[in-house]
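Before any comments, here is the structure.
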Amino acid sequence: MEREESYSSLAGRIVSLKKRGRFEEAEREIGLGLERNPYDPFLKTSLADLYLRQGRLVEGRILAEEVLAQNPRHSDALSVLGDFFLKKRSPLKALECYRQAYNFDPKPYFILKSARSFKEMRGFEEALQELDKVLAANPENLLFLKEKALILNRMKKYDQSLEVFEKIKDLSPDDLFVKKEILRLRSRARPETQVLNELRIVIGMESKKGDAQAHGLLAQKLKGAGLVREAAVEYEKAAKLEPQNPYFLKQHGFCLYRMGSYDEAIQRLSEAFRKDPSDYYVRGTLEKSYEAQGNLKGLLDLLEEAFRQHPEQKSLMGMMKKVRKKMDLERSKDTPGNRP
């Protein structure tokens, strides 16, 4: 009994640490558990999930498949494998994993993940049908309502999306992301200048100074109005308030690039790139920034570092090859016999 209570306590700590983004502490806890029981499927699956959250995709997949080799019906390992495929932009394979997981263990969360797979395939109607399987029985499920609102927004059904977000706000008044989306959707029909003035007033309020989503929304509107320098300031504030959110960091970097501040743009975007080198826009903007500086060696060094950390990202090899060719061409132009 004492061992079971101890194990339950360990599992609870791991789940709590992961939810709070304290990945290093969670990994230590999992490591301690695996020292005592190296074949424990919960611990191995938890570590696989943790690796995926950290961008260590190959390690996460290997661990999930080890668990499935011992128990092909392990629903959480199937779910983690589905997460791997979703991150690798293979939503159909992810959907197959989530559906298998649900067949073995009918948790609503696997339906939510199936809906997200459909969303990635732009099967928005199918995604809504998946969500409604749960919302029909539990119409106040916040996770499913939020996903529905986001899908309706992707479908450009803005009035319906706003209606769902307002329902979420009634159920969860303190959700800052939901408040930001309501502000954004309500502002669609109002003049740009009026919206900017209202948002400046909002973030000037004492209660909103620490609201990353509000600063992010103002930054988005400023950037859309061509006020890139002001947008950069707001994105930087949002990134500092919510450092775990890569969106603000990337947007700050994009603004800096448009301003011609290449050193700072490289600094911000390199941080995001190291975590997720699959982002095409970050990669392309970094390439242009390094080229603007005439620093192809710096770009190559960053690509090589990212590939060491993410060997599954094979497309980096092609980019490294392209950069090396450019460097060779530049060197050949600088040789005495080739100078004009």
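Here is the link list: Lys240/Lys297; Lys93/Lys133; Lys157/Lys221; Lys221/Lys322. Which ones come out longer than 27 Å on Cα distance? In this structure, Lys240/Lys297; Lys221/Lys322 exceed 27 Å between Cα atoms.
Rounded to the nearest 500, what is the 222 nm mean residue ellipticity of the chain from helices alone, with -39500 (n - 2.57) per DSSP H run of 4+ residues and division by all residues? Walk me through the numbers on the way to the answer.
Details: 19 runs with 264 residues, N = 340.
Calculated at 222 nm, the ellipticity per residue is -25000 deg cm²/dmol.
Placing +1 on the Cβ of every Lys and Arg and -1 on the Cβ of every Asp and Glu, with nothing else charged, gives the chain a dipole about its Cα centre of roughly 1260 debye.
Counting only Cα atoms, region 1-88 measures 40, 28, 19 Å along its principal axes, largest extent leading.
Give, as a single signed number, the net charge of other residues whose beta carbon lies under 12 Å from the beta carbon of Ala214, with Lys and Arg counted +1 and Asp and Glu -1. Don't skip to the end; give the middle numbers.
Details: positive: Lys179, Lys180, Arg184, Arg200, Lys208, Lys209, Lys221, Lys237; negative: Glu181, Glu198, Asp211, Glu234, Glu242.
Its environment carries a net charge of +3.
Here the chain is treated as a Stokes sphere of Kirkwood radius computed over C-alpha pairs; at 4 °C and 1.567 mPa s its diffusion coefficient rounds to 57 µm²/s.
When Met319, Met121 are arranged by Cβ crowding within 10 Å, least crowded first, meaning fewest neighbours, the order is Met121, Met319.
First select every other residue whose beta carbon is under 14 angstrom from the beta carbon of Gln244; then total the charges, Lys and Arg +1, Asp and Glu -1. Don't jump to the answer; show the numbers that get you there.
Working: positive: Lys18, Lys19, Arg20, Arg22, Arg53, Lys240, Lys250, Lys275; negative: Glu24, Glu242, Glu271, Asp276.
Overall, the nearby charge balance is +4.
For the pairs Lys119/Lys180; Lys288/Lys321; Lys148/Lys275; Lys44/Lys88; Lys113/Lys237; Lys18/Lys223, note any where the Cα-Cα span goes beyond 25 Å. Flagged as over cut-off: Lys148/Lys275; Lys113/Lys237; Lys18/Lys223. Extension gain for Glu120 to Glu305 (0.36 nm times residue separation, less C-alpha to C-alpha distance): 63.7 nm. With the simple spin-label model, which puts each label point 7 Å out from Cα in the Cβ direction, the Gln267 to Lys288 separation comes to 2.1 nm. Once you divide the Cα radius of gyration of region 38-108 by 2.2 N^0.38 Å, the number left is 0.99. Derived from the Cα gyration tensor, the three semi-axes of the equivalent ellipsoid of region 107-189 are 21, 16, 10 Å, largest first.
Where a number appears in this text, it was derived from the coordinates with a stated rule and is not lab data. Note that this is a predicted model, so its numbers are computed, not measured. In this analysis, Cβ positions are derived from the backbone assuming ideal geometry, glycine residues included, and neighbour counts consider all displayed protein chains.
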